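A quick write-up on the structure given underneath.
The values are calculated or read from the model by the stated rules, or taken from the named source; none is laboratory data. Not measured: the values here are computed from a predicted model. Cβ atoms come from the backbone with ideal geometry, glycine included; neighbour counts cover every protein chain shown.
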Amino acid sequence: MDNRKKRVLITGAAGFLGSHLCDRFVEEGYSVVGMDNLITGDLKNIEHLFKKAEFEFYHHDVTKFVHVPGPVDYIMHFASPASPIDYLKIPIQTLKVGSLGTHNLLGLAKQKNARILIASTSEIYGDPLVHPQSEEYYGNVNTIGPRGVYDEAKRFQESITMAYHRFHGLETRIARIFNTYGPRMRLNDGRVIPAFIGQALRGEDLTVFGDGKQTRSFCYVSDQVDGLYKLLLSDYSLPVNIGNPDEITILDFAEEIIRLTGTKQKIVFKDLPKDDPLQRQPDISRAKEVLGWEPRVSRQEGMEKTFAYFKGLSAEALFDSEHKDFSKHNRR
Ligand code: NAD
Ligand code: UDP
């Protein structure tokens, strides 16, 4: 009998979601191979895992041929820039990791006879004309807009994944992830939660884009990881929304952050970025039915934990508000 531990490859392992997934799979008794080229990630997120025998790390760009010696039972493909500022600064890498990177990982999954879960996104719905968004909705994406590099790469990723499923019979899972937050987000990645908390901690005004009437629905990371874990182990191959339907306008959210952090600063309004979706809320009926999953952590509780994490960062990290330097990475 084969007594070896199941082995999972997690791409994007040094990033926010990838690092939490590594923790979860190690806890669940898997042997974990993390892979990352560190373009937006940070080894600090996984340094606590390096001393564990069941964890190994490959510093590798998944847009190049991916080789992993030995058995692989599962792949979680999470490598991709994920914040609007990141993918505007590195648009071509964003397109490549969603397309070429996904192709490489599907090829690896086929060769290893592994099951693969890909990290898709609510962005495939674009600026949605249907509310809330269910998996049946095809989306409203501007292919040539600034967000198109991310949205279209993710849409291609879903298509090629379904093609491998249908044509090669590969075991595939597609998670459509809605805005998720928690410890280990990069303070300066531009996403709204680290942006607002960073501003509050530095004593700066909170920058609300547009009139702040646009909505988002924020999911705490432990809930997200739980949904992803259940989806991987399910037998369901069509896309599943994983997110928290608790919707709020960005202006109301800024006011919540002011109360949570006790900052004396005020809200200032800035231009709304192009194609910024006006409404976003997941319909999670499918996840409830197929996975028996729904989020459990309220925004209040999740935000308190997230604030505690950011408060614990060094002053150096807090005041390093410059965006990550991508210059050492190939910009092609
Ligand atoms: P993140 O930027 O923290 O993590 C992404 C990781 O991928 C980083 O460590 C980065 O260095 C790595 N990476 C990027 N390109 C790579 C490449 N070519 N080769 C190897 N590694 C590479 O972002 P995140 O929030 O953790 O997002 C992870 C995944 O989840 C992404 O695919 C993203 O699209 C998806 N997602 C996240 C959210 C969210 O709210 N966090 C929402 C929807 C989808
Ligand atoms: N946003 C904002 N101020 C900021 C950063 C973001 O008002 O400093 C808004 C942004 O315009 C969007 C929402 O917050 O409407 C969520 O932005 P984020 O970048 O976190 O993710 P998105 O859901 O747009 O990918």
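For residue 270, state whether it is surrounded by fewer than 12 Cβ atoms within 10 Å (Cβ to Cβ), more than 30 Å from residue 233 (Cα to Cα) and within 12 Å of ligand 2 (Cβ to nearest atom). When the stated conditions are applied, residue 270 passes them.
Regarding residue 258, is this residue within 16 Å of ligand 1 (Cβ to nearest atom), surrounded by fewer than 19 Cβ atoms within 10 Å (Cβ to Cβ) and among the β-branched types (Val, Ile, Thr)? For residue 258, the condition - within 16 Å of ligand 1 (Cβ to nearest atom), surrounded by fewer than 19 Cβ atoms within 10 Å (Cβ to Cβ) and among the β-branched types (Val, Ile, Thr) - is not met. Of all residues in region 90-129, those being within 16 Å of ligand 2 (Cβ to nearest atom) and over 17 Å from the mean Cα position of the chain (by Cα) number 2. Residues in region 115-146 that are surrounded by fewer than 22 Cβ atoms within 10 Å (Cβ to Cβ) and either of a type in the set (Lys, Arg) or closer than 28 Å to residue 70 by Cβ (or both): 115 only. Any residue at all in region 62-79 that's in contact with a strand residue (DSSP E or B) (Cβ under 8 Å, 6 or more places away or on another chain) and loosely packed, with under 15 Cβ neighbours inside 10 Å? Yes, because at least one residue in region 62-79 is in contact with a strand residue (DSSP E or B) (Cβ under 8 Å, 6 or more places away or on another chain) and loosely packed, with under 15 Cβ neighbours inside 10 Å. Across region 20-47, the qualifying residues are those that are assigned to a loop (DSSP other than H, G, I, E, B) and away from ligand 1 (no atom under 11 Å from the Cβ), and the one among them that is farthest from the chain's Cα centre (by Cα) is 29. Entry remark, region 80-115: residues being in contact with a Leu (Cβ under 6 Å, 6 or more places away or on another chain) and either at pLDDT below 95 or not in a helix (DSSP H, G or I) (or both) number 0 in total.
Would you confirm, using the coordinates I've provided, whether residue 17 is within 9 Å of ligand 1 (Cβ to nearest atom), touching a strand residue (DSSP E or B) at 6+ places or on another chain (Cβ under 9 Å) and assigned to a loop (DSSP other than H, G, I, E, B)? For residue 17, the condition - within 9 Å of ligand 1 (Cβ to nearest atom), touching a strand residue (DSSP E or B) at 6+ places or on another chain (Cβ under 9 Å) and assigned to a loop (DSSP other than H, G, I, E, B) - is not met.
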